[in-house]
Amino acid sequence: MNKIYPDARTALADIVFDGMTLAVGGFGLCGMPEALILALRNSGARDLTIASNNAGVDHRGLGVLLQTRQVRKMISSYVGENAEFERQFLCGELEVEFCPQGTLAERMRAGGAGIPGFFTRTGVGTEVAKGKDVREFDGVPYLLELGIRADVSLVKAWKADAAGNLVYRKTARNFNPMAAMCGRVTVAEAEMIVEAGTLDPDLVHTPGIFVQRIVHNPAPDKPVERRTVRKG
């Protein structure tokens, strides 16, 4: 199977549609699949449900999809620095399902592992618990959280091989491994693509069985969300 596509537009052309659910890697602007996000915007697909830690910032990352009103619902743990995300949520223009960060990561992982749901103590007695099944184990209440299964997952890797094995770089790993697992089709954007068999198996974070398509982006923008420097 040839998993390498010439560009992000081609990789998404026959798999995006209105009303679909996506899982997107990244934490703020760190480790976001920027070329794939722009290609998704340019596809014109609407009424999207997106599971991702947050929505980038205004005009960056997933924020570009909020600007064009292509997103119907966000499943996120953090509004972040995105003023448009905040505005749409407070005005009732955007449905938001807030999910604790660790729970969101495990929901993605569970979906990819074929686990339909799991129980966690996180969120018991809070707004997060509203409408959810609560059961006691050894006298302690737990919430039932459902696994996330996305139609398409978009992830950002530092290095990929032709078989789809992925290596992430440092904190850019964040939600990418879990997002890669839970997609029925996973598209990876990689800075480097090497021949199959080149990567040390012990260094592979996402096995190629989870990845169906790869796009080469050798010069990503890598914007800094909030620049902090030491005063001289």
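The values are calculated or read from the model by the stated rules, or taken from the named source; none is laboratory data. Computed from a predicted structure; not experimentally measured. Neighbour counts are summed over all protein chains in view; Cβ atoms, including those assigned to glycine, are modelled from backbone coordinates with ideal geometry. Keep in mind that these areas ignore ligands, DNA and RNA; they rest on the heavy atoms of the full protein, side chains included. Shrake-Rupley method; radii C 1.70, N 1.55, O 1.52, S 1.80 Å.
Applying the condition of being hydrophobic (A, V, I, L, M, F, W, C) and assigned to a loop (DSSP other than H, G, I, E, B) to the stretch 1-25 and asking which residue is surrounded by the most Cβ atoms within 10 Å (Cβ to Cβ) yields 16. Among residues of the stretch 97-109 that are farther than 13 Å from residue 54 by Cα, those with a Cβ under 6 angstrom from a residue that is part of a loop (DSSP other than H, G, I, E, B), sequence gap 6+ or separate chain, pair up as 103/122; 107/147; 107/148; 108/148. Selection of the stretch 26-47 for residues being more than 11 Å from the chain's Cα centre (by Cα), at pLDDT 95 or above, closer than 20 Å to residue 83 by Cβ and open to solvent by less than 50 Å² (accessible area, probe 1.4 Å) yields only 34. Scanning the stretch 47-71 for residues being in contact (Cβ under 8 Å) with a residue 40 or more places away in the chain and in a strand (DSSP E or B) gives a total of 3. Filtered by the rule that a residue be assigned to a strand (DSSP E or B) and in contact with a Leu (Cβ under 9 Å, 6 or more places away or on another chain), the stretch 106-138 gives 117, 118, 119, 120, 134, 135.
As for the stretch 139-146, it holds at least one residue that is in a loop (DSSP other than H, G, I, E, B), surrounded by fewer than 11 Cβ atoms within 10 Å (Cβ to Cβ) and out of contact with any His (no Cβ under 6 Å at 6 or more places or on another chain). Considering only residues in the stretch 80-122 that are under 19 Å from the mean Cα position of the chain (by Cα) and of a type in the set (A, V, I, L, M), the one that is surrounded by the most Cβ atoms within 10 Å (Cβ to Cβ) turns out to be 108. Among the residues of the stretch 50-61, those that are hydrophobic (A, V, I, L, M, F, W, C) and either on the phi > 0 side of the Ramachandran plot or at pLDDT below 95 (or both) comprise 55, 57. Of all residues in the stretch 195-232, which are open to solvent by less than 50 Å² (accessible area, probe 1.4 Å) and not in a strand (DSSP E or B)? Matches in the stretch 195-232: 199, 204, 208, 211, 217, 220, 223.
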